[in-house]
Amino acid sequence: MTDHSNSYGSGTIKVLKGLEAVRKRPAMYIGSTDIRGLHHLVWEVVDNSVDESMAGYCDKIRVKLHLDNSITVSDNGRGIPVDMHPTEKKPAVEVVLTVLHAGGKFDNETYKVSGGLHGVGVSVVNALSEFLEVTVKRDGKRYRQRYERGAPVSPLEELGEAEYTGTTIRFRPDEEIFETNEYNAETLRKRFEELAYLNKGLEIEFIDERSGESFTYHAEGGIRQFIKDLNSGETGIHSIVYGEGSADDVAIEFGLQYNAGYKENVLTFANNIRTKEGGTHLAGFKTALTRALNKYVENADLPKKLKQKLSGDDVREGLTAVVSVKVPMPQFEGQTKTKLGNSEVTGLVSGLVYDKLNTFFEENPKDAKIIVEKAVDAARAREAARKAKDLVRRKGALSDNSLPGKLADCQSKDPGVSELFIVEGDSAGGSAKQGRDPSNQAILPLRGKILNVERTRFDKMLNNKEIKALITAMGAGIGEEDLDLEKLRYHKIVIMTDADVDGAHIRTLLLTFFFRQYAELIERGYLYIAQPPLFRAFNSKTERFIKDEPELKAFLLDRVSDDLVVVSENGLSFTGSQIVDLLKGVSFVRDKIDEVENIGIARHMFLDFLQYKIKLVPTDIEDDKGQEFMKYLEERGYVVNLHVEEDEEDRRAWLFLIDDKGHRAQIGVEFFNSRLYKSAYESFADIRGICGGLTFTMRRKKEEESEAKPMGSMFELLDAILDEAQKGISIQRYKGLGEMNAEQLWDTTMNPENRSMLKVSVDDAIEADSIFSDLMGDKVEPRREFIERNALLVEELDI
């Protein structure tokens, strides 16, 4: 890359002050402190690198996700300026990282277009990070500075020569601020893939050190390639239409292709940000597409049967399109701030798309005719669907007068208190009908699996018997023109399916139906999933229904703890609730050991870390404490090496271990800063501190001390007590609701006083949309990838 740093110096950094408020009210700056806010930190840092790419100075970004959920983002851009800021009297990089709204984006000279959604900049990331370390390569030199919770803890140091230019930022989100500190690799991957498509020529490499996976995203074909890949599971019926241009400093790029399917898939972006609520660019695109196709139909030499007026819905059936605009001063609106509001963009997009489509139709009459045939076919299907709806309505099947025969309705006519249970199968439907409270609970049994609406045209869906019964029972109509949630007959719609594979499939089909046809119903909080118990524990004297595995474990421990005495290594006796508390801790440590195996650290190795005398932090490993720790590991039979890597971008320390069986592990020392290690170490240390060691004896209260059984480890003790607890009781795992009689179903699943239900919410509609498309759509590849990625996480497979 060429170094153009002289045009980007400290004088270009404009300052708007006030960083203290960020830690007090983080949600004001990043939207929330949940998983979305956590990922927003990454977007802020990566967007800065993408802005360098859009300005023409960067073509490679590397993102590394480390074991402690810290993240390193490096690019080969110009490097943040390091000279003294003219008004702030400190290095410009420190101003960028410590002053809110300081950056090169407020004068519209350094960056014509930038992607920062809230414009809050990397200073907010710094304020909300436990630590942030910045390395800058610029003017032939390399510089580094470290910050903790937004404040510099070292001056800007010059480290030596640098061959290239660029910026590397490593940060770890602050656990005092964020509810979760666990990044979702899939969310990161999807965003990086989008950015690569939208910025052709930019390469984004993503390395997830937790799983050992790495991915490279690079799309020389840009949006054309995006369309091709989006349509990879469908048959594109013509060549891809592509256009780009600019007007009034707004850069516009779009691509489209129709496929043989029926689903509309139009993605819109403004300054690389996915505008899931659309906005002015989407409005302009839709107008131009409808106008251009209707003009072609009117003027072209086409068969008479194709000469008809097309609506917007007709011309978008089976359409895959991407519209990307880059606007100097974007205005975002809408609930999630992802709707473009710049009014001038509508006309600019509309004009460009209209011109490009007219040219394409004139130059490709065969393709144009195929597209018109597709749209006319859609218009006919829409007319058929309208007639089907009218016919159904005339017969009363979509009105209150003719409710489906299999619906057992409730007596109440007040939707606010009325509940509709959608039940799988007639046998469960029978139990539910007998067990319900008829005053306000209605039951609709479904026979078999409903239609997968992800793969079906609207008119075919309306002809499906089970779906028709469901639409009719709800009473709110369906389709854009007819849907009226004020007429919805129940404000609690509960999906109640079996706890097996078929039940899960039916639940997913129903969720797909509601998500695609009744999104507002979900937003209003009317859709629920029943949580019938998974287990029934019983003997001749007692019966207990148990929700899930953790509750079963707790029940079993409670059951025997009163009858047992456990004695620890230091002679302490545990009985009753003391045993339960002890074993909860043991169970927690075991769960963490299972987790650590998934990131490639063997169980016995992790246990040896936990048994060390002190809890380590990453900085310990490189000083005298680290030497002691390595000596401890060597005494346990390991060959241990500490390796420090320092390149122009970053400094990393690694522990290399080989055990006595030849198993190898390479562990970044930041692992000792991970929540996984710290929480497991603390629980393990508590158990060891209280018990004086890790061996125990166990006996029944009526037995003599001499009869106590030795337990070689705390895990052996846990297993022995769980085995003991299962004696004298039968545990039945429910697969189907039909296995419960009416009274049991009422007590466990339908009685408002006892039941547990999940409210369905679409926190992230885009994520849900993508999951439904992957798992319920026609493409096989995304499903295969999903299964391969998650196969190792399956604990129980029901075949």
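So the check is Cβ under 8 Å with 6+ separation or different chains; which pairs have a first residue in the stretch 489-513 that's in contact (Cβ under 8 Å) with a residue 24 or more places away in the chain and over 29 Å from residue 412 (Cα atoms) and a second one that's in a loop (DSSP other than H, G, I, E, B) and hydrophobic (A, V, I, L, M, F, W, C)?
Filtered contacts from the stretch 489-513: 499/534; 501/799.
Go through (1) under 30 Å from residue 543 (Cβ atoms); (2) surrounded by 12 or more Cβ atoms within 10 Å (Cβ to Cβ) and name the single condition residue 730 misses.
(2)
Of all residues in the stretch 327-379, which are among the aliphatic types (A, V, I, L, M), assigned to a helix (DSSP H, G or I) and under 18 Å from residue 269 (Cβ atoms)?
345, 348, 349, 352, 353
I'd like to know if the stretch 686-707 contains one or more residues that are in the same structural domain as residue 574 (by TED's automatic domain parsing) and closer than 30 Å to residue 129 by Cα.
Scanning the stretch 686-707 turns up at least one residue that is in the same structural domain as residue 574 (by TED's automatic domain parsing) and closer than 30 Å to residue 129 by Cα.
Being farther than 25 Å from residue 760 by Cβ, touching a residue at least 60 places away in the same chain (Cβ under 8 Å) and surrounded by fewer than 18 Cβ atoms within 10 Å (Cβ to Cβ) is the filter here; which residues of the stretch 524-541 pass it?
538, 539
Is the stretch 284-301 home to any residue that is touching a strand residue (DSSP E or B) at 6+ places or on another chain (Cβ under 7 Å) and within 26 Å of residue 363 (Cβ to Cβ)?
Among the residues of the stretch 284-301, at least one is touching a strand residue (DSSP E or B) at 6+ places or on another chain (Cβ under 7 Å) and within 26 Å of residue 363 (Cβ to Cβ), which makes the answer yes.
So which residues in the stretch 187-210 are closer than 14 Å to residue 224 by Cα and either over 19 Å from the mean Cα position of the chain (by Cα) or of a type in the set (S, T, N, Q) (or both)?
Within the stretch 187-210, 196, 197, 198, 199, 200, 201 qualify.
What tally of residues in the stretch 433-475 results from selecting those that are touching a helix residue (DSSP H, G or I) at 6+ places or on another chain (Cβ under 7 Å) and under 19 Å from residue 378 (Cα atoms)?
The qualifying residues number 8.
Name the residues in the stretch 618-643 that are surrounded by 13 or more Cβ atoms within 10 Å (Cβ to Cβ) and among the acidic types (Asp, Glu), would you?
620, 622, 628
Just checking, how many residues over the stretch 697-714 are over 43 Å from the mean Cα position of the chain (by Cα) and of a type outside the set (D, E, K, R)?
Selection size over the stretch 697-714: 5.
Do we have any residue at all in the stretch 220-235 that's in the same structural domain as residue 324 (by TED's automatic domain parsing), surrounded by fewer than 19 Cβ atoms within 10 Å (Cβ to Cβ) and either in contact (Cβ under 8 Å) with a residue 40 or more places away in the chain or closer than 26 Å to residue 32 by Cα (or both)?
Looking for residues that are in the same structural domain as residue 324 (by TED's automatic domain parsing), surrounded by fewer than 19 Cβ atoms within 10 Å (Cβ to Cβ) and either in contact (Cβ under 8 Å) with a residue 40 or more places away in the chain or closer than 26 Å to residue 32 by Cα (or both), one finds at least one in the stretch 220-235, hence yes.
Here's a check for you: in the stretch 72-95, which residue that is of a type in the set (A, V, I, L, M) and in contact with a strand residue (DSSP E or B) (Cβ under 7 Å, 6 or more places away or on another chain) is farthest from residue 171 (Cα to Cα)?
84
Report yes if some residue within the stretch 126-144 is in contact (Cβ under 8 Å) with a residue 40 or more places away in the chain, part of a helix (DSSP H, G or I) and not assigned by TED's automatic domain parsing to the domain that holds residue 270; otherwise report no.
Taking every residue of the stretch 126-144 in turn, at least one turns out to be in contact (Cβ under 8 Å) with a residue 40 or more places away in the chain, part of a helix (DSSP H, G or I) and not assigned by TED's automatic domain parsing to the domain that holds residue 270.
In this structure, does residue 163 turn out to be of a type outside the set (S, T, N, Q), touching a strand residue (DSSP E or B) at 6+ places or on another chain (Cβ under 9 Å), in a loop (DSSP other than H, G, I, E, B) and assigned by TED's automatic domain parsing to the domain that holds residue 98?
Yes: the conditions hold for residue 163.
Quick check, is residue 290 in contact with a Ser or Thr (Cβ under 7 Å, 6 or more places away or on another chain), crowded, with 16+ Cβ neighbours inside 10 Å, closer than 25 Å to residue 516 by Cβ and not assigned by TED's automatic domain parsing to the domain that holds residue 32?
Answer is no for this residue.
The values are calculated or read from the model by the stated rules, or taken from the named source; none is laboratory data. None of the values given here were measured: they were computed from a predicted structure. Cβ: placed from backbone, ideal geometry, glycine included. Neighbour counts: every protein chain shown.
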